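Scroll down for the structure; my scribbles are underneath it.
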Amino acid sequence: MILLSVVAAIAGLFGFHGAGGDIQTGSLNARAITIVESSHRIEFPDRIVFTLEADAPPDVQSARLYYTVGPHDVKVYTYPVRFTNSENIEAEFIVNTGKDGFIPQGVEIEYYYVFTDSLGNRTVSDSRTFEYLDPRYNWQRLSMDDFTIIWHNRPERAVRRTAADVSIRMRAVRDLFGLEGDYDFKAVIINSRAEADRSFPPVSDTSQDTFLYGGFAFNRYDVLVVAGLNRDSLIHELTHLMFDERLDSPRAKPPAWLNEGIAMYFEPGGGYRQSDVQRAFRSGNLIPLRHMRSVPGRPDDVRLFYSQSASVVRFMMDEFGPERMDTLLTEINEGRKIDEALIATYGVGVDELDRGWRRHLAGETSIFQIRDPGALGTSAIIGAALLVTTSAVLIRWLKNLRK
């Protein structure tokens with residue numbers, strides 16, 4: 001079922017106003033604390049300003065703002081930049097969301113206040129939640145099976161058409177990863193270069209000037225932000241989020257080439273990158289696969305890194321099938337390093353995989369024979385048994401020869 005609604009992202013709309021109910025303090029003979037007004041103002045992308053007014057006893061000496069970002073339980077607190085308690089409490093808090101405290105659009109922020117009186121007694125207010133979005137725009141949302149698209153200033157029909165296409169194609173990603181749970185990732189669509197500069201996380205000046213990245217997935221928050229209503233970008237970043245769900249063990253340390261390669265494997269329009277790989281192959285400029293554990297820094301290297309990652313993963317999928325890839329992910333999720341995981345799955349390590357892929361680029365039909373890891377152990381046992389048998393026969397033959 002597809003749902004459509006309007007998200008009014010006007011600053012302060014998500015705040016709560018009026019009497020918020022009495023909050024009992026722990027001090028003797030103290031009257032209740034009553035929230036008169038509490039609101040927030042998003043000054044995107046730099047900060048969120050929280051304002052508080054409360055009717056409270058004069059012995060309340062301090063107030064803190066506690067908040068959580070996204071679906072995690074990690075609580076952060078901050079002190080007010082302004083606090084008075086003469087006839088009532090007036091306080092203002094600032095949470096920085098810019099370069100040093102970046103928060104992606106689309107996340108939900110839950111917050112509450114903690115008051116402390118002169119005896120050290122603490123009083124906790126009710127919590128409130130709002131969605132962090134640029135208040136310049138009137139946001140709309142469209143909910144699909146696994147994700148919700150949040151957008152502004154685009155035709156609804158175009159969004160529905162793209163979302164339906166992406167939703168169908170993401171079923172193949174689910175199948176590869178073996179995911180059966182219910183997910184509700186958020187996909188925030190932005191429309192311009194200026195909006196991307198405000199919405200994307202800090203990157204190098206060169207990367208920003210060349211508009212190197214078209215989107216980002218924030219696994220910690222189950223949120224992605226992409227520039228433009230682009231089917232491939234949405235599939236790419238959603239695959240990253242599902243990849244993170246598949247490798248849910250803290251012991252899993254997948255290399256970046258595998259993560260990016262799988263994300264690009266599912267892009268319907270990603271085939272053009274193979275020409276970049278062939279040019280680098282002919283000029284001898286390919287990056288050794290062993291050196292691709294993380295994304296490089298220079299824009300030219302980044303482009304080649306992505307193209308190579310896509311080519312290597314496509315080679316693995318075409319030659320050995322999705323079942324082997326699923327086994328590889330299981331090995332990584334159990335804490336094996338990439339070399340160990342590849343050997344356990346394909347019978348080859350990183351370097352041999354790299355050589356086989358390069359021979360494939362050269363058009364050679366003989367790549368390498370994939371070995372069944374289970375058969376390796378069986379072969380070793382059989383080989384040892386044959387060696388023992390042969391040795392026994394040889395010893396008997398030598399004894400007979402001496403006679």
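The values are calculated or read from the model by the stated rules, or taken from the named source; none is laboratory data. Remember, predicted model here, so these are calculated numbers, not experimental data. Note: ideal-geometry Cβ built from the backbone for every residue, glycine included; neighbour counts use all protein chains shown.
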Pull up the stretch 105-131, narrow it to residues that are of a type in the set (S, T, N, Q) and assigned to a loop (DSSP other than H, G, I, E, B), then point me to the one that is nearest to P80 (Cα to Cα). S125
Against the condition within 23 Å of the chain's Cα centre (by Cα), modelled with pLDDT under 95 and outside any helix (DSSP H, G or I), how does P254 come out, does it pass? no
Which strands (runs of 3 or more DSSP E) sit wholly inside the stretch 165-249 and have at least 1 residues that are under 20 Å from S309 (Cα atoms)? 215-218
Looking at the stretch 100-119, which of the residues that are of a type in the set (S, T, N, Q) and more than 15 Å from R64 (Cβ to Cβ) is modelled with the lowest pLDDT? S118
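Conditions (1) in contact with a Lys or Arg (Cβ under 8 Å, 6 or more places away or on another chain); (2) outside the structural domain of G181 (by TED's automatic domain parsing); (3) surrounded by 14 or more Cβ atoms within 10 Å (Cβ to Cβ), marked per residue:
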| position | (1), (2), (3) |
| --- | --- |
| P255 | yes, yes, yes |
| G269 | yes, yes, no |
| R279 | no, yes, no |
| H291 | no, yes, no |
| S294 | no, yes, no |
| R303 | no, yes, yes |
| Y306 | yes, yes, yes |
| S309 | no, yes, yes |
| D318 | no, yes, no |
When residues of the stretch 77-99 are limited to those that are farther than 18 Å from S38 by Cα and modelled with pLDDT of 95 or more, the one surrounded by the most Cβ atoms within 10 Å (Cβ to Cβ): T97
L286 vs. criteria in contact with a Ser or Thr (Cβ under 8 Å, 6 or more places away or on another chain), modelled with pLDDT of 95 or more and among the aliphatic types (A, V, I, L, M): no
Test for A217: is it buried (at least 22 other Cβ atoms within 10 Å of the Cβ) and at pLDDT 95 or above: yes
Failed item, numbered, when G70 is tested on (1) at pLDDT 95 or above; (2) of a type in the set (G, A, S); (3) on the phi > 0 side of the Ramachandran plot: (1)
Any chance T345 is surrounded by fewer than 18 Cβ atoms within 10 Å (Cβ to Cβ), among the hydroxyl-bearing types (S, T, Y) and farther than 14 Å from G261 by Cβ: no
Suppose the filter is in contact (Cβ under 8 Å) with a residue 12 or more places away in the chain, over 18 Å from H236 (Cα atoms) and hydroxyl-bearing (S, T, Y); does Y137 pass it? yes
Of everything in the stretch 144-156, what is in contact (Cβ under 8 Å) with a residue 40 or more places away in the chain and surrounded by 17 or more Cβ atoms within 10 Å (Cβ to Cβ)? Give them in sequence order. M144, D146, F147, I149, I150, W151
Conditions (1) assigned by TED's automatic domain parsing to the domain that holds N153; (2) buried (at least 19 other Cβ atoms within 10 Å of the Cβ); (3) under 19 Å from P201 (Cα atoms): number failed by I235: (3)
When you check G106 against the structure, is it within 21 Å of the chain's Cα centre (by Cα) and over 30 Å from P45 (Cβ atoms), yes or no? no
Right, D326: modelled with pLDDT under 95 and in a helix (DSSP H, G or I) or not? no
Of all residues in the stretch 328-340, which are touching a residue at least 12 places away in the same chain (Cβ under 8 Å) and crowded, with 16+ Cβ neighbours inside 10 Å? L328, L329, E331, I332, N333, I338
E323 passes all but one of (1) in contact (Cβ under 8 Å) with a residue 12 or more places away in the chain; (2) of a type in the set (D, E, K, R); (3) farther than 22 Å from R231 by Cβ; which number fails? (1)
Which residue is farthest from L224 (Cα to Cα), if the candidates are limited to the stretch 178-190 and must be surrounded by fewer than 19 Cβ atoms within 10 Å (Cβ to Cβ) and in contact (Cβ under 8 Å) with a residue 60 or more places away in the chain? G178
